[in-house]
Amino acid sequence: MRHQRKRHRIGRPHAHRKATLAALSTALITHKRITTTLAKAKALRVYVEPILNRAKEDTTHNRREVFRHLQSKEAVKELFGEIAERIGDRPGGYTRVVKLGERDGDSTEMAVIELVDYNDVRPDGAAGTRKRRRTRRGGSSGAKRTEPAASAAKPAEPAKPAPVEEAVGTVEEVETPEDVTPVEEAEAPEEAPVEDATPEAEATPEAESAEETTAQATPEEESTENAEDDKKEEE
């Protein structure tokens, strides 16, 4: 019967489990923070807490006991040096486990295990900092329903425009002096008639010959004039 036999087996036999936890403890002491599966992180916390507690008292016995579990001289030197100074005043709880969610390949739950005194900031992707997944209906999977009437914010009243003060300027009237005589408009000079620059047309020889012919009296007209003169004499 397995009464009070609670332990994290992590799917390995005793020797394999012991080597895995020793390697994870050495990595945690060296890097102060590692990412692993949630089951290994919980098993590592139970395994490494007593080792960290032994570092508070620097004795040869404690160093040998720590080396028996870690099998690394560099990790033992780091643990009894810098880490022992940081955790000297802490009564317990030297590590912190933060869940990161499921892994993409096999949906295994991942976690970060770290030394509390070396990091006070929650890592990215922690349970409290993950974005909530959206459902098909538009709501978030883990979001709480809010009361429709109480949570509704009142519409903000439109801001009234500030009164604009009109700047009224005083206009000074300019007095016109009485002694100033009005200026008479100058009459524009009359424009002289423009003579045609075209010369008079010269008389052609044909026109001269026509005038001569008209000036000369025909013989019939002369005979009629002589007959009229004779009649006047007879009378």
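Applying the criterion of being over 52 Å from the mean Cα position of the chain (by Cα) and small (G, A, S) to the residues of the range 12-57, the residue that is nearest to E102 (Cα to Cα) is A19.
Say whether the condition of being loosely packed, with under 10 Cβ neighbours inside 10 Å, under 21 Å from E57 (Cβ atoms) and either charged (D, E, K, R) or modelled with pLDDT of 70 or more (or both) is met by at least one residue in the range 120-141.
Of the range 120-141, the ones loosely packed, with under 10 Cβ neighbours inside 10 Å are 120-121, 124, 128, 131, 133, 136-138, 141.
Next, from what is left, pick out any that are under 21 Å from E57 (Cβ atoms): none.
Looking for residues that are loosely packed, with under 10 Cβ neighbours inside 10 Å, under 21 Å from E57 (Cβ atoms) and either charged (D, E, K, R) or modelled with pLDDT of 70 or more (or both), one finds none in the range 120-141, hence no.
Within the range 2-44, the residues that satisfy the criterion of being under 20 Å from V66 (Cβ atoms) and β-branched (V, I, T) are T20, T26, I29, T30, I34. Please pick out the residue among P50, P13 that is over 20 Å from Y118 (Cβ atoms) and of a type outside the set (D, E, K, R). Checking each option against the conditions leaves just P13.
Would you tally the residues in the range 36-65 being assigned to a helix (DSSP H, G or I) and out of contact with any Leu (no Cβ under 8 Å at 6 or more places or on another chain)? Outline the logic, then answer.
Within the range 36-65, the first condition is being assigned to a helix (DSSP H, G or I), and the residues that meet it are 38-54, 60-65.
Checking the rest, the ones that are also out of contact with any Leu (no Cβ under 8 Å at 6 or more places or on another chain) come to 38-39, 41-42, 45-46, 49-50, 53-54, 60-65.
Qualifying residue count, the range 36-65: 16.
Name the residues in the range 66-98 that are among the aromatic types (F, W, Y) and in a helix (DSSP H, G or I), would you? Please lay out each step first, then the result.
Of all residues in the range 66-98, those among the aromatic types (F, W, Y) come to 67, 80, 94.
Those that are among the aromatic types (F, W, Y) and in a helix (DSSP H, G or I): F67, F80.
Within the range 25-45, being touching a residue at least 24 places away in the same chain (Cβ under 8 Å) and not β-branched (V, I, T) holds for S25, L28, K32, R33, L38, A39, K40, A41, K42, A43, L44, R45.
The values are calculated or read from the model by the stated rules, or taken from the named source; none is laboratory data. Because the structure is a prediction, the values reported are computed rather than measured. Note that we place each Cβ from the backbone using ideal geometry, even for glycine, and neighbour counts take in every protein chain shown.
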